[in-house]
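What follows is a short report on a single structure.
The values are calculated or read from the model by the stated rules, or taken from the named source; none is laboratory data. If you're wondering where the values come from, they're calculated on a predicted model, not measured in any experiment. Cβ placement follows ideal geometry from the backbone for every residue including glycine, while neighbour counts extend to all protein chains displayed.
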Amino acid sequence: MQREFTVSTFLKIVNFILGAAMISFGIFLFNKPNNGGAVIYFVPLFMAAMGLFVIINAIRRKVTIENGTITFTTVFKTLDIAVDDVKGVKIDRKVLVIVSNTPGTPNIVIRNYNDLNNNNELTNYLTGTFSDLDANELEDEKKNLLQDPNLGFTPEERQSKLDNAKKIAITYTVAGIAVAIATIALRQPIFTILALICPLLAIPIIITSNGLIKFLSNGKNSVYPYVIFGFIAPTVALFAKSLAAYHFYNYDSFWLPFIGIGVVVGGLLFKVGVNESLSNGIVSQGILMLCLSLFYAFGAVGQINCGFDNSPDQIYKASVLGHHISHGKSTAYYLYLSTWGPCHENKQVDVGSKMYYSTQIGDSVKIDLKPGLLHIPWFVVKKS
């Protein structure tokens with residue numbers, strides 16, 4: 001095959017425009033007067049350099065197949081592998097890897113290969129010419145699993161256990177997503193309780209699966225079912241609900257339960273859920289588990305402390321001194337409030353859009369302050 005695959009014309013135009021805009025903005029910043037010395041010029045120079053990189057990369061980036069060699073060219077390097085030295089390929093949605101069979105010869109890793117013209121022709125050629133290493137590894141993994149005597153006496157018994165593990169993982173994931181949707185949409189205490197319990201169920205599910213269910217897996221490239229999405233969905237629901245619905249008056253009593261829950265849940269997930277077959281390593285998995293556990297901890301503390309706090313509230317009045325809207329990935333609405341009750345300074349609080357548009361500067365709002373079930377004071381802002 002003699003063929004060259006370059007960046008598509010459309011993406012070249014997009015990159016040219018983006019790069020030119022970055023260079024122009026860098027020049028604009030460079031020419032502005034400043035009192036910060038030479039260090040200030042680093043930002044516009046970096047911006048212009050990045051713009052130049054975007055343009056050159058769009059021109060140079062290509063895959064060439066000719067004279068029995070596959071070559072990948074970028075701005076800073078050119079890698080090539082002889083067709084006869086290719087062990088096989090790995091292809092997912094965004095990354096294409098051509099694996100070398102020769103020690104010392106680096107693999108060719110093509111990220112965002114969909115940016116190339118006729119990328120389907122490229123992938124069809126590679127998969128038709130070389131071994132699909134992902135499929136081979138999946139077949140080997142399944143073969144080893146079905147030969148594991150710890151899972152049963154016969155391959156049929158082991159296959160049955162694997163099938164049951166997949167059903168359990170799928171059921172748990174679907175249940176977690178359903179609980180998350182119900183928690184946000186229906187706002188009933190029972191769904192909040194289920195959202196608190198659901199992520200924790202991942203731990204006993206993994207423990208009782210005899211190693212068949214993982215917390216994180218390679219998806220379609222692994223025979224093992226996984227439960228990460230059943231954990232994430234209700235965790236996100238708890239986090240979003242706690243972040244949007246309540247305001248902590250102070251965080252003095254917040255950190256102990258937050259860190260305690262996060263570390264315990266993260267530690268248990270790490271102990272039982274690490275998948276040693278994953279390429280991203282044990283440390284990366286541990287960091288991911290801890291981050292997700294801290295998100296869960298924040299949502300759990302918020303819901304337990306505020307959502308189930310039935311103590312009488314203390315009502316105060318505050319005046320609206322100002323307001324503004326923040327536009328980013330999402331739109332946030334803020335009121336700037338005067339002092340009230342134990343709050344002896346003017347503070348900005350976020351509110352819903354309905355509350356924002358129905359409140360004018362000079363209006364009074366009601367502050368409902370509660371002690372919190374976990375003794376973390378919290379409040380909500382309401383119309384007077």
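Looking at this structure, is F270 at pLDDT 90 or above, of a type in the set (A, V, I, L, M, F, W, C), surrounded by 14 or more Cβ atoms within 10 Å (Cβ to Cβ) and farther than 18 Å from G211 by Cα? Criteria not met by F270. Could we say that V320 is surrounded by 14 or more Cβ atoms within 10 Å (Cβ to Cβ), outside the structural domain of P257 (by TED's automatic domain parsing), modelled with pLDDT of 90 or more and farther than 29 Å from F191 by Cβ here? Here the answer is yes, as V320 does meet what is asked.
Put simply, of L374, L369 the only residue that is more than 32 Å from the chain's Cα centre (by Cα) and either within 27 Å of A300 (Cβ to Cβ) or outside any strand (DSSP E or B) (or both) is L369. For region 74-89, filtered to residues that are part of a loop (DSSP other than H, G, I, E, B) and surrounded by 13 or more Cβ atoms within 10 Å (Cβ to Cβ), the residue that is modelled with the lowest pLDDT is V75.
Taken over region 289-317, residues that are modelled with pLDDT under 90 and within 19 Å of the chain's Cα centre (by Cα) amount to 0. The set of residues in region 91-139 that are assigned to a strand (DSSP E or B) and either in contact with a Lys or Arg (Cβ under 8 Å, 6 or more places away or on another chain) or of a type in the set (D, E) (or both) comprises V95, L96, V97, V99, S100, R111, L116, D132. Can you find, within region 220-246, the residue that is farthest from the chain's Cα centre (by Cα) among those that are farther than 30 Å from I91 by Cα and surrounded by fewer than 18 Cβ atoms within 10 Å (Cβ to Cβ)? Among those that are farther than 30 Å from I91 by Cα and surrounded by fewer than 18 Cβ atoms within 10 Å (Cβ to Cβ), it is A245.
Out of the residues in region 59-73 meeting the condition of being at pLDDT 90 or above and either assigned to a helix (DSSP H, G or I) or touching a helix residue (DSSP H, G or I) at 6+ places or on another chain (Cβ under 9 Å) (or both), tell me which one is nearest to F5 (Cα to Cα). Filtering region 59-73 for residues that are at pLDDT 90 or above and either assigned to a helix (DSSP H, G or I) or touching a helix residue (DSSP H, G or I) at 6+ places or on another chain (Cβ under 9 Å) (or both), the one nearest to F5 (Cα to Cα) comes out as V63. Output yes when any residue across region 305-317 is in contact (Cβ under 8 Å) with a residue 40 or more places away in the chain and of a type in the set (G, A, S), and no when none is. Checked region 305-317: at least one residue is in contact (Cβ under 8 Å) with a residue 40 or more places away in the chain and of a type in the set (G, A, S). Give region 90-123 a look and list any residue that's farther than 23 Å from F76 by Cα, at pLDDT 85 or above and of a type in the set (V, I, T), or say none. Scanning region 90-123 gives a single hit, T123.
Residues T192, T171: which one is free of Cβ contacts under 8 Å to residues at least 40 places away in the same chain and of a type in the set (S, T, Y)?
Details: T192 fails: free of Cβ contacts under 8 Å to residues at least 40 places away in the same chain.
Just a single option satisfies the conditions, and that option is T171.
For region 343-366, the candidate set comprises residues that are touching a residue at least 40 places away in the same chain (Cβ under 8 Å) and under 18 Å from I315 (Cα atoms); within that set, the residue that is nearest to the chain's Cα centre (by Cα) is V349.
Scan V263, V283, V301 and give me the residue that is farther than 28 Å from I184 by Cα and either assigned to a helix (DSSP H, G or I) or touching a Gly at 6+ places or on another chain (Cβ under 7 Å) (or both).
Numbers: V263 fails: farther than 28 Å from I184 by Cα; V301 fails: farther than 28 Å from I184 by Cα.
Just a single option satisfies the conditions, and that option is V283.
For S100, the conditions (1) within 24 Å of A202 (Cβ to Cβ); (2) free of Cβ contacts under 8 Å to residues at least 24 places away in the same chain; (3) crowded, with 16+ Cβ neighbours inside 10 Å; (4) of a type in the set (G, A, S) all hold with the exception of (1).
Taking only region 255-286 into account, find how many residues are farther than 20 Å from I207 by Cα and among the β-branched types (V, I, T). Break it down into steps so the answer makes sense when it comes.
So in region 255-286, the residues farther than 20 Å from I207 by Cα come out as 255-260, 279-281, 283-284.
In the following step, the residues that additionally are among the β-branched types (V, I, T) were identified as 259, 283.
Of the residues in that region, 2 qualify.
Residues that are in contact with a Gly (Cβ under 8 Å, 6 or more places away or on another chain) and either within 18 Å of G104 (Cβ to Cβ) or among the β-branched types (V, I, T) (or both) within region 57-91 comprise A82, V83, D84, listed in sequence order. Screening H344 on (1) surrounded by fewer than 18 Cβ atoms within 10 Å (Cβ to Cβ); (2) in contact with a helix residue (DSSP H, G or I) (Cβ under 7 Å, 6 or more places away or on another chain) shows it passes everything except condition (2). Of everything listed in (1) at pLDDT below 95; (2) assigned to a helix (DSSP H, G or I), the single unmet condition for A195 is (1). Taking (1) under 28 Å from the mean Cα position of the chain (by Cα); (2) under 22 Å from A135 (Cα atoms); (3) part of a helix (DSSP H, G or I) in turn, G19 satisfies each apart from (2).
In summary, E139 fulfils each of the numbered conditions (1) loosely packed, with under 13 Cβ neighbours inside 10 Å; (2) modelled with pLDDT of 80 or more with the single exception of condition (2).
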